[in-house]
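Heads up: the structure comes next, in structure tokens.
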Amino acid sequence: MTLEKTGAEKTGAKAGTLRKIGLAALAAAFFGGALADGIAHAAESTPAKQLFGKVRLPSNSAAAPIGFYAKGCMAGAVAIPTDGPTWQAMRLSRNRRWGNPAMISLLEKFSRDAVSLGWGSGILIGDISQPRGGPMLTGHASHQIGLDADIWFQAKPAQPLSAEAREDMPFVSMLDKSKFLTVNPKRWTKTHANLVMQAASYPQVERVFVNPAIKKKLCETWTGDRGLLGKVRPVYGHDEHFHIRMHCPSGAANCKAQAAVTPGDGCDKSLAWWFSKEPWAKPTVKPNAKPVKPRFTMLSDLPKACAAVLAAPAASETSATFGTAYAAQPASDADAAIQNVINTTAGDLPDSDIPIPEARPTLQ
Ligand SMILES: [Zn+2]
């Protein structure tokens, strides 16, 4: 462990220096010398979540997921409009309604299909990604490349919610919190099941994450295609929303795919494990172990092209909101800069990363 860490730190420091030079040159091209130096310095010493967390608009470049769901960034994001005929985006102040265009179109289709299933007047959309993806200041480990989206387990009301209501409306859990990992039968309905399975039915959807109790309920009750049930994966949280993850879109050469789900319905040992004590136990600490200093993900830990994405000029919100002028958006100089970095740095991500998309909660 110690050796591994030392190795990673050494490599990180060397790559960081190289990236600092690259980023300074890139930033100089866009912003001029003094400001560029400042950006490069900040990138070297500031956690990546702070760099990506404060960018308000996407890069003005072709859409590209870069890296892995939990370790990457996104070029050329588009936003889902805050209001559509069959959806509303929630928690607008978080500014996380940005995604790959394939994700935004899927959500719009899903919202129409949801209405056909009897899911009120559409869906409430939670977090997708930040304008340039990347790590977030709060919340998720994944959602970094524009191919993850959270959908509330509450339907869109007929009347549009006010901006305040979108901030304050409480989440409603589908679990009976007085019991261990048990769905609340007063809240969970057949329509909830149909909605989750509709999401899983799209070929471009890779996984759908739900709470283990919800997966168990589906295992016990779902009479449709049991193969599709395999895409529905149990994970912590996800009891008041579920999470849709898409495959890397075709042609997205710098998007790192996740290992395929194993065939079958997943109603097996892998589900039973969540109902054992193991995943909920406090991590054991050896008595003489040195405390591990937390280490934030830095820009230099992400694919190299993410520095170019961060430094690229911004698109305007209007031009980058899906369904307005997005289709007419021209490629820009930023495309060439990002593509140039991509071409020289493909395939430098580890394989073993990040199966769990959300923070581990304390057991209630
Ligand atoms: Zn999520």
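The values are calculated or read from the model by the stated rules, or taken from the named source; none is laboratory data. Nothing here was measured: the structure is a model prediction, and the numbers come from that model. Because the Cβ atoms are built from the backbone with ideal geometry, glycine has one as well, and the counts that use them run over all protein chains shown.
Being among the polar types (S, T, N, Q), under 17 Å from residue 198 (Cα atoms) and more than 23 Å from the chain's Cα centre (by Cα), is that true of even one residue in region 220-227? Yes, that holds for at least one residue.
Every condition in (1) in a helix (DSSP H, G or I); (2) touching a Pro at 6+ places or on another chain (Cβ under 8 Å) holds for residue 132 except the one numbered (1). Quick one: would you say residue 192 is modelled with pLDDT of 95 or more and under 16 Å from the mean Cα position of the chain (by Cα)? Taking the combined requirement at face value, the residue does not satisfy it. Given the criteria β-branched (Val, Ile, Thr), surrounded by fewer than 18 Cβ atoms within 10 Å (Cβ to Cβ), at pLDDT below 80 and within 22 Å of the chain's Cα centre (by Cα), does residue 354 qualify? Yes; evaluated as a whole, the condition is true for this residue.
Pairs, please: C-beta under 7 Å, at least 6 apart or cross-chain, first residue part of a loop (DSSP other than H, G, I, E, B) and in region 177-196, second surrounded by fewer than 16 Cβ atoms within 10 Å (Cβ to Cβ) and not acidic (Asp, Glu)? Pairs that qualify, where the first residue is part of a loop (DSSP other than H, G, I, E, B) and the partner is surrounded by fewer than 16 Cβ atoms within 10 Å (Cβ to Cβ) and not acidic (Asp, Glu), are 177/364; 181/275; 187/172. Counting residues in region 60-67 that are within 16 Å of the ligand (Cβ to nearest atom) and more than 28 Å from residue 156 (Cα to Cα) gives one or more. Filter region 277-324 for residues that are among the small types (Gly, Ala, Ser) and exposed (fewer than 10 other Cβ atoms within 10 Å of the Cβ); which is nearest to residue 102 (Cα to Cα)? Top of the filtered list is 281.
Looking across 141, 149, one residue alone is of a type in the set (Gly, Ala, Ser) and assigned to a strand (DSSP E or B). It is 149. Applying the criterion of being hydrophobic (A, V, I, L, M, F, W, C), within 16 Å of the ligand (Cβ to nearest atom) and under 30 Å from residue 74 (Cα atoms) to the residues of region 139-192, the residue that is surrounded by the fewest Cβ atoms within 10 Å (Cβ to Cβ) is 171.
Results for (1) under 18 Å from residue 264 (Cα atoms); (2) within 11 Å of the ligand (Cβ to nearest atom); (3) buried (at least 24 other Cβ atoms within 10 Å of the Cβ); (4) hydroxyl-bearing (Ser, Thr, Tyr), shown as yes or no for each residue.
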{"site": "208", "(1), (2), (3), (4)": "yes, yes, yes, no"}
{"site": "212", "(1), (2), (3), (4)": "yes, no, no, no"}
{"site": "215", "(1), (2), (3), (4)": "yes, no, yes, no"}
{"site": "222", "(1), (2), (3), (4)": "yes, no, no, no"}
{"site": "229", "(1), (2), (3), (4)": "yes, no, no, no"}
{"site": "232", "(1), (2), (3), (4)": "yes, no, yes, no"}
{"site": "237", "(1), (2), (3), (4)": "no, yes, no, no"}
{"site": "241", "(1), (2), (3), (4)": "no, yes, yes, no"}
{"site": "247", "(1), (2), (3), (4)": "no, no, no, no"}
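Filtering region 36-74 to residues that are at pLDDT below 95, basic (Lys, Arg) and not in a loop (DSSP other than H, G, I, E, B) leaves nothing. Residues being small (Gly, Ala, Ser), touching a strand residue (DSSP E or B) at 6+ places or on another chain (Cβ under 9 Å) and closer than 30 Å to residue 281 by Cβ are represented in region 173-182 by at least one member.
The set of residues in region 116-138 that are farther than 15 Å from residue 242 by Cβ and either within 16 Å of the ligand (Cβ to nearest atom) or modelled with pLDDT under 95 (or both) comprises 129, 130, 133, 134, 135, 136, 137, 138.
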